[in-house]
Amino acid sequence: MSTLAWVVGRGGLLGSCVERAIGSAVWRPERPIIWGDPDQLRQSIADAVQGFQTRLAAESRDGWCVYWCAGDGVVGTPADRLAAETASLRFFLERLGDPQSALPGRVFLASSAGGVYGGSAEHPVTEATLPQPISDYGRAKLEQEEALRDWARARPTVSTLVGRLSNLYGPGQHLDKPQGLISHMSRCLIFGVPVRIYVPLDTIRDYLFAEDAAMRIVAGMARLGREAPGGGQHVTKVYSSGNETTVAGLIGVFRQIAKRQLRVVSGLAPVRSQQPARLQFRSTVWPDEPARPRTELLDGVNRVHRHQFALFQAGRLPPPSVGTPR
């Protein structure tokens with residue numbers, strides 16, 4: 001027997017990488033969830049959940065997994081849009097209920113380390129650090145984490161893993177989403193336009209390659225299944241590269257790749273107050289986690305740039321927007 005796994009948000013950067021990391025055990029709904037239409041969203045979620053439950057009932061399985069990688073909110077997203085994302089998660093969990101309650105289940109929730117710990121003065125931040133969000137985005141992420149915990153408390157056969165992720169990047173990031181400084185810098189370089197930066201160049205961030213994150217998340221869910229085969233364990237873990245760099249350092253990486261200068265225009269923006277000067281993370285949860293190959297920043301940025309340049313040559317790369325990604 002095997003575990004049936006479902007990645008909600010499979011069209012996004014993290015979700016697509018998680019789905020590839022899982023492999024053949026992935027289940028996909030017949031019709032995708034319609035995220036862009038509020039009038040159809042709930043019905044499409046209900047239909048997808050029903051399909052998942054029907055598949056579980058029809059086959060012999062030893063458990064099930066759901067990876068919630070959905071959501072397009074970022075720092076600066078209006079509070080009402082973030083509230084709608086949280087409401088979608090709550091509705092999903094309500095519909096999920098107790099799928100084949102005799103079977104143990106696991107749920108992963110993608111959260112944001114930067115959002116949750118944005119106001120923390122600790123360096124580095126660990127899971128023991130008190131959450132201190134300074135943006136509506138960070139507060140929404142904490143609310144989503146609590147929604148999952150509330151739902152799981154009433155379901156002893158369910159275990160949960162909340163992944164607080166540092167800044168994700170990688171090929172295939174949505175280019176219409178105001179996030180992803182690496183992706184934005186790459187497009188500016190390709191189109192020959194200046195990068196507009198609204199934070200100091202010495203701002204420190206941890207950039208985590210999405211494929212690396214996905215492999216570690218899937219491994220974490222497998223470990224959760226081994227440690228709590230009948231359910232009932234709840235883990236919150238920080239996922240980061242462990243290697244921080246400044247915005248100026250990123251500019252230097254692009255100079256190495258392209259052998260030419262990336263033009264930069266500095267300025268101010270209201271959202272700057274929601275951007276801490278330094279974010280540094282270290283996980284103390286599962287310290288015996290097996291070491292996995294990690295993509296170095298130079299290699300990861302180069303892969304993003306090559307991917308975007310191929311899109312540009314094919315006429316499918318949109319020009320960068322005026323606003324600066326978070």
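The values are calculated or read from the model by the stated rules, or taken from the named source; none is laboratory data. Computed from a predicted structure; not experimentally measured. FYI the Cβ positions are ideal-geometry reconstructions off the backbone, even for glycines, and counts take in every protein chain you see.
Descriptive notes on the structure:
- The residues on offer are GLY63, GLY115, GLY105, and the sole one that is closer than 20 Å to LYS237 by Cα and in contact (Cβ under 8 Å) with a residue 60 or more places away in the chain is GLY105.
- Residues in the stretch 99-124 that are closer than 15 Å to THR160 by Cβ and out of contact with any helix residue (DSSP H, G or I) (no Cβ under 7 Å at 6 or more places or on another chain): PRO104, GLY105.
- Residue in the stretch 254-266 that is more than 23 Å from the chain's Cα centre (by Cα), closer than 30 Å to ARG61 by Cβ and in contact (Cβ under 8 Å) with a residue 12 or more places away in the chain present: no
- Within the stretch 140-151, tally of residues that are surrounded by 18 or more Cβ atoms within 10 Å (Cβ to Cβ) and basic (Lys, Arg): 1
- Residue selected from the stretch 1-60 under the condition among the hydroxyl-bearing types (Ser, Thr, Tyr) and touching a Lys or Arg at 6+ places or on another chain (Cβ under 7 Å), by the criterion surrounded by the fewest Cβ atoms within 10 Å (Cβ to Cβ): SER2
- Of all residues making up the stretch 190-215, the number that are surrounded by fewer than 20 Cβ atoms within 10 Å (Cβ to Cβ) and among the basic types (Lys, Arg): 1
- Scanning the stretch 142-193 for residues that are more than 28 Å from ARG223 (Cβ to Cβ) and among the β-branched types (Val, Ile, Thr) yields ILE182, ILE190, VAL193.
- Output for the stretch 227-248, where each listed residue is outside any strand (DSSP E or B) and touching a Leu at 6+ places or on another chain (Cβ under 8 Å): GLN233, SER240, SER241, ASN243, VAL247, ALA248
- Pair list, Cβ < 8 Å and 6+ apart or interchain, from the stretch 1-12 residues that are touching a residue at least 12 places away in the same chain (Cβ under 8 Å) to residues that are of a type in the set (Asp, Glu): MET1/ASP62; SER2/ASP62; THR3/ASP62; LEU4/GLU59; VAL7/GLU19; ARG10/GLU19; GLY12/ASP72
- Count of the stretch 178-226 residues, restricted to those that are in a helix (DSSP H, G or I) and basic (Lys, Arg), is 4.
- Listing of helices (runs of 4 or more DSSP H) fully contained in the stretch 11-112 that carry 1 or more residues being of a type in the set (Phe, Trp, Tyr): 38-58, 79-96
- The sole residue among ALA154, ALA128 that is at pLDDT 95 or above and either surrounded by fewer than 22 Cβ atoms within 10 Å (Cβ to Cβ) or of a type outside the set (Gly, Ala, Ser) (or both) is ALA128.
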